[in-house]
Each structure stands twice: as C-alpha cells, then as structure tokens.
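The values are calculated or read from the model by the stated rules, or taken from the named source; none is laboratory data. Because the structure is predicted, anything quoted here is derived from the model rather than measured. Positions of Cβ are backbone-derived with ideal geometry, glycine not excepted, and every protein chain shown enters the neighbour counts.
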Amino acid sequence: MQYMQKGGFQKNSLMRLTLMFTALLLTFFVATNFLIYFEKMNVTPASVNAYYNGSEEDFRPARTYGSMLEVTHGHMAMMAMVLLMLTHLVIFAPFVKRTKILFICFTFLSALADEGGGWLVRFVHPEFAWLKIAGFVGLQACLIFLLSSLAVFLIRSKSDENKKDSSSDDSDEIPDSPQDFSENNNGKVIAKTIAEKISQ
C-alpha cells in the first residue's frame, strides 16, 4: 500500500505489472457490465420499469426485495474497492484539485445512482428509471476513462524507465568530460603499474 499512498508505483516495475493485469481484468469487468445490462434491459425507461416491476406481456415477474438485497450487498463491497483503487490514481493525474474532487465525487455518485435507481423504480416510482439509466451510463463512462488513463500512464512510465536506463548506460560508457576521460586513463595506468610491480 505504500506505493499507492506515495505514488511510488510510478517507479516500481512489479507494481506496474500488477496494475497492468488489474486493468486488463477490469476491462473485462466493464465489458461484462454492458452485456449483463443489455441482456436484461436497455436505455429506455420502459425497459427499466419492465425489468424491475415486471411485465404481463413478457410474463416477467417483478423483482423481489430479497433478490435485490442480495445483489446490492455484493455490488456495494465490490464497487467500493474497484472505485477506491481507480479514483486513487486520479490524485496523481495532472489536473487541478477542483477537477479531481469533482471527478471522484461524480464517479461514486454515479455508482450510487446506478445501484439505488433500481430500488427507487421498484419501490417508489417508475419515473426514477431515468436515474438508473443515467447512473449506469455515467459509471461506465468513468470506468472507461479511468482504465484508459491507467493504461496510458503505465505505458508512459515504462517508456520513461527505458529512457532513463538507456541514459544511465550511456553515462557509464562515455565520460562526461575530457577531465573524466583523463582521470579514467590515469587510473588504468596506475593499476597496470601496481600489477607489474607485484608480478616482479
């Protein structure tokens, strides 16, 4: 956690590798979010209302309190951890503080709207279907932006590390100045002289 807290993951290759595979798995997570959502409903209020309140035409029963509670219980813990990690990276992004605060708040509020919208449609009023749709679209947009930013960041960090290593290798092979070159040669001559005297 110290790498996440202090931003040291930018320089730690193993941490970057972990984040790369995390981003890959979360990309599949976002993809399956779309598949699951559109398998049940679409972005129209009528479809959302039919899913939660049931439909006589499709012989679909309304969602029960118990089934919704089980789904919400699992989603809340999972989304909290996912958004904690991804929005934490926004802290190190080159944005002004106000932009970071707004984006972090918008991401978490979208998650709450996505999850709470279904409850409001089922037990309060069907008109809250728009809140469910807006929450889903907003949350997925934030996740895609965060994962894309993470991917770009990891690629740039790797590129910067390679440039730094290349520069370090060049500095070891080529003296920085004529004086350094002279000192290196003098050192070799002295070492050679000492070796000859020892052998005699």
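Residues of the range 94-108 being surrounded by 14 or more Cβ atoms within 10 Å (Cβ to Cβ) and either in contact (Cβ under 8 Å) with a residue 24 or more places away in the chain or in a loop (DSSP other than H, G, I, E, B) (or both), which ones? Answer for the range 94-108, where residues must be surrounded by 14 or more Cβ atoms within 10 Å (Cβ to Cβ) and either in contact (Cβ under 8 Å) with a residue 24 or more places away in the chain or in a loop (DSSP other than H, G, I, E, B) (or both): F103, F106, T107, F108.
Exactly one residue out of A62, A113, A80, A141 is outside any helix (DSSP H, G or I) and either in the same structural domain as F28 (by TED's automatic domain parsing) or not charged (D, E, K, R) (or both): that is A62. For the range 14-21, state whether one or more residues are surrounded by 15 or more Cβ atoms within 10 Å (Cβ to Cβ) and farther than 30 Å from S157 by Cβ. Scanning the range 14-21, I find no residue that is surrounded by 15 or more Cβ atoms within 10 Å (Cβ to Cβ) and farther than 30 Å from S157 by Cβ, so the answer is no.
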